[in-house]
Amino acid sequence: MGTMLQTILTVLLLLMLLLIIIFLFFLFKPWRFFFSQRFLSSIKGELEHPLVTDEEDANASPLNQINELPRDYDLEGACYPTEAHFRSPRTHGQGLVHKQRVQNLSVPPTIHLSGDALVVDVISDPSSDDVDVGQTLRLSTAQLAQFQKQGTPNFRNDRLQDLVQWNISDQRSCLTLEVISGPSRGLRCSVQSINSSRLPLTMGRVSPSDLLIKDSEVSGKHAMIKWNLDKMKWELVDMGSLNGTLLNSKPINHPDTESRNWGNPMSLANGDIITLGTTSKVMVHITSQTQHHIPFGVGMASDPMAMRRGGKRFPMEDVCYYQWPLPGLNQFGLFGVCDGHGGDGAAKSASKLFPEVIASILSDSSRRERVLSLGDASDVLRDAFSQTEDHMNHHYEGCTATVLLVWTDGEENFFAQCANVGDSTCIMSLNGKQIKMTEDHKITNYSERLRIEETGEPLKEGETRLYGINLARMLGDKFLKQQDTRFSSEPYISEVVHIDQASKAFAILASDGLWDVISVKKAIQLVLQMKEKCYSERENIAEKAASLLLNEAKTLRTKDNTCVIFLDFDIFNKFSCKVES
């Protein structure tokens, strides 16, 4: 009996000892010393290093010669000194993230942006023992700039600099927000896409909102705008506001307004209108930092003119756009207005197609030289309307189209020629002389009724619409054109206007929402009065004029969407990306 008890105690002690050993085994993990990263790498036949070195390894690295840059160092010698510096404070003080043994590179690195850092993809000769094939160097922008400045043996610094300069400039975009109605009207705020320290940009009623709007209908934190690096787009997000956010009259906030959930991100385009609450409207200006400066003043303004006091909201179907210069054509620029019906699809398609189509036509050197030598672009504009119509695939939507082609002879003289279908109008004032650059294609107009009569199917007495539409010329509406040959996309083309520096010329392009309530004579008079009052503020006249005309249409209670483009040839102007308040 005693022997059996002794045996049981011995077994229990052995089990307890075994449990203690197992516990210590898992506590100290001795297998780490046998299956280290170096051991595993030798099995695979290649040597891998940690992606992020600790402070001790970083100090031992040859790249440790890179010193911290002063905060005012500008990687590109930025042309917008009022902007915050490119280097983000979020990366300040962080170590250099890299793989070791970068000494000899047989192929120059490739570079792309990722968040606040530039990523350099290094590819070397596989036979080299100095660097891993395909490894990545991740440097902050400031560190990379200093790296380039000091130089490192065997780096192709000139090629690296070219790649960095091209990549960064290619991704620059400037966003400017301007409050065009409401208690904070006139407030402006700008930011560059590469300025991550100031993004996202917030809009709200209380500090620290970037665009501080003193409107009781605006929430404390109402909405924000961020730069989507993957899509290369600015995006608007409602931040669970109480009164909602509209983008071009369409709500973008979460359907459950009481939940205070954020809405989905919505892409922004140049000329978009953001409405916070019901009265505060914000105009979106987006410019590429790679585009050339426009050598004259340009201002844009638009408003869906939604019915007030609880009425039904109008969908925004007007689109105004411009591009200077056209791709590959430093002497040419295009300005246009499209007024959609049946939706905004046709208007958006036409506004995208026209700059591309006209640039393609003028890329033919013989046609381009013909325009420059003769001072006439009639054939180019006619072909542009034909090709744009052919490319549009809108059977039940259509739009007016008014385009103004402007070019320079290189000696501070400009030429302007307009083409249009529909009733979006362009007028010019040249040395006090009023010039109408477009023709109205409403069915009620005498000239349009004569054209229809020549088709062999004249309009009946008192007939003012065809298939419910008051226009006989438009882009799109393919179904109607198949049903009735009286519909056309053939444009009216104006004479060429020659503008020199002494001309005191300006142009107004606008949809019929403006012209329904303001005469051509009245519009010119308003602009001349404003220019006389604001002579000392010449750099802002174009934007002020566009806003003035839009607000006058609003005061006169126009019942249609309205968009306005104002061109002031009397001044030299450039759209700079700077913060204004």
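The values are calculated or read from the model by the stated rules, or taken from the named source; none is laboratory data. Owing to the predicted nature of the structure, the values given are computational and were not obtained by experimental measurement. In this analysis, Cβ positions are derived from the backbone assuming ideal geometry, glycine residues included, and neighbour counts consider all displayed protein chains. To get the accessible areas, we keep the full protein, side chains included, count just its heavy atoms, and leave off ligands, DNA and RNA. Shrake-Rupley method; radii C 1.70, N 1.55, O 1.52, S 1.80 Å.
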Task: M316 vs. criteria at pLDDT 80 or above, in a loop (DSSP other than H, G, I, E, B) and hydrophobic (A, V, I, L, M, F, W, C) - done: yes
Task: Breaking point among (1) in contact (Cβ under 8 Å) with a residue 60 or more places away in the chain; (2) closer than 30 Å to D570 by Cα; (3) among the aliphatic types (A, V, I, L, M), for I518 - done: (1)
Task: Conditions (1) closer than 24 Å to N393 by Cβ; (2) open to solvent by 40 Å² or more (accessible area, probe 1.4 Å); (3) in contact (Cβ under 8 Å) with a residue 12 or more places away in the chain; number of the one not met by G468 - done: (3)
Task: Unique residue being under 40 Å from the mean Cα position of the chain (by Cα) and among the acidic types (D, E) when the list is E461, E453, E448 - done: E448
TODO: Check whether at least one residue in the range 344-354 is under 23 Å from E495 (Cβ atoms) and among the basic types (K, R), and report yes or no.
DONE: no
Task: Close pairs (6 angstrom Cβ cut-off, 6 or more residues apart or separate chains): open to solvent by 10 Å² or more (accessible area, probe 1.4 Å) in the range 331-347, part of a strand (DSSP E or B) and aromatic (F, W, Y) anywhere - done: Q331/W407
Open item on the list: I need a count of the residues in the range 220-238 that are touching a residue at least 12 places away in the same chain (Cβ under 8 Å), part of a loop (DSSP other than H, G, I, E, B) and either closer than 22 Å to I194 by Cα or open to solvent by less than 10 Å² (accessible area, probe 1.4 Å) (or both).
Closed with: 4
Task: Among the candidates D210, D215, residue that is open to solvent by less than 60 Å² (accessible area, probe 1.4 Å), of a type in the set (D, E, K, R) and within 21 Å of T278 (Cα to Cα) - done: D215
Task: Qualifying positions in the range 441-465 - closer than 22 Å to V403 by Cβ and surrounded by 19 or more Cβ atoms within 10 Å (Cβ to Cβ) - done: H441, E448
Task: Failed condition for S519, given (1) open to solvent by 70 Å² or more (accessible area, probe 1.4 Å); (2) more than 20 Å from I180 (Cβ to Cβ) - done: (1)
TODO: Examine the range 472-479 for a residue that is within 30 Å of E454 (Cα to Cα), open to solvent by 10 Å² or more (accessible area, probe 1.4 Å) and outside any helix (DSSP H, G or I), and state whether such a residue exists.
DONE: yes
- [ ] Take T287 and decide whether it is in contact with a Cys (Cβ under 6 Å, 6 or more places away or on another chain) and either more than 22 Å from M316 (Cβ to Cβ) or not in a loop (DSSP other than H, G, I, E, B) (or both).
- [x] yes
TODO: Check whether at least one residue in the range 356-379 is in contact with a Ser or Thr (Cβ under 8 Å, 6 or more places away or on another chain) and either open to solvent by 10 Å² or more (accessible area, probe 1.4 Å) or modelled with pLDDT of 95 or more (or both), and report yes or no.
DONE: yes
Task: Scope the range 537-576; condition at pLDDT 90 or above and among the small types (G, A, S); matching residues - done: A545, A546, S547, A553
Open item on the list: Restricting to the range 380-394, give me the number of residues that are surrounded by 22 or more Cβ atoms within 10 Å (Cβ to Cβ) and more than 15 Å from M474 (Cβ to Cβ).
Closed with: 3
